[in-house]
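The values are calculated or read from the model by the stated rules, or taken from the named source; none is laboratory data. Remember, predicted model here, so these are calculated numbers, not experimental data. Cβ atoms come from the backbone with ideal geometry, glycine included; neighbour counts cover every protein chain shown.
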Amino acid sequence: MTNEDPTDRTSDALPDDERSGDGSGSLLLDDQLCFALYAAQRAVTAAYRPLLDELGLTYPQYLVLLVLWERGETSIKELATALRLDYGTLSPLLKRLEAAGLVRRERSPSDERSVLVAVTGRAVALRERARCVPGALLTAAGLSGDEVARLRGELRRLAERAEAAQRR
């Protein structure tokens, strides 16, 4: 019989060779790229919250409106692709935006299977109020235009590589 302390977790600790380096073999939480992305996404979304609350929008609703403001009337399929969302996630977002009077959905006259989404006059007016959101977030985060461009480029490359890995 041993006199081991059951609360002593040092025997469960990872070896020293997993505590440093690029994290490629590490099981430490702080070494995980996925966790760093998750934490950053949560922090950015939280920073957006007060800005979007003033507009009466959630972050996902804001993203939908960004696409529609940029592209105009868009099919649900194109909207889902642009936002990298499935229909099951996008449909409730559109229902809430429609209930708020910000978008309208209608069947395409050329293809009844396709549903088109467009902003309403109310959403056009909201766009003017939303113009301050990106700049306010960058100011609050203390990021320069160059830093934003670099980060955005790196994150896009990461997304492309991860998507390519899924297809393999």
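Quick notes
- Within the range 107-122, tally of residues that are outside any loop (DSSP other than H, G, I, E, B) and not small (Gly, Ala, Ser): 6
- Test: residue in the range 61-81 that is of a type in the set (Phe, Trp, Tyr) and at pLDDT below 95: no
- Residue within the range 4-20 that is over 17 Å from Arg127 (Cβ atoms), surrounded by 14 or more Cβ atoms within 10 Å (Cβ to Cβ) and either out of contact with any Ser or Thr (no Cβ under 7 Å at 6 or more places or on another chain) or at pLDDT 95 or above (or both) present: no
- Members of the range 42-56 that are in a helix (DSSP H, G or I) and either surrounded by 12 or more Cβ atoms within 10 Å (Cβ to Cβ) or charged (D, E, K, R) (or both): Arg42, Val44, Thr45, Ala47, Tyr48, Arg49, Leu51, Leu52, Asp53
- Residues considered: Glu70, Glu163, Glu78, Glu147. Of these, the only one that is over 23 Å from Gln41 (Cβ atoms) and of a type in the set (Asp, Glu) is Glu78.
- All of Leu137, Leu94, Leu151, Leu102 fail the test of being in contact with a helix residue (DSSP H, G or I) (Cβ under 6 Å, 6 or more places away or on another chain) and under 29 Å from Ala162 (Cβ atoms), apart from Leu137.
- Residues that are farther than 20 Å from Leu52 by Cα and surrounded by fewer than 16 Cβ atoms within 10 Å (Cβ to Cβ), drawn from the range 76-104: Lys77, Glu78, Thr81, Arg84, Asp86, Tyr87, Gly88, Ser91, Arg104
- A search for C-beta distances below 6 Å between a residue of the range 70-86 that is in contact (Cβ under 8 Å) with a residue 40 or more places away in the chain and any residue that is part of a loop (DSSP other than H, G, I, E, B), counting only pairs 6+ apart in sequence or on different chains, returns Ser75/Ser114.
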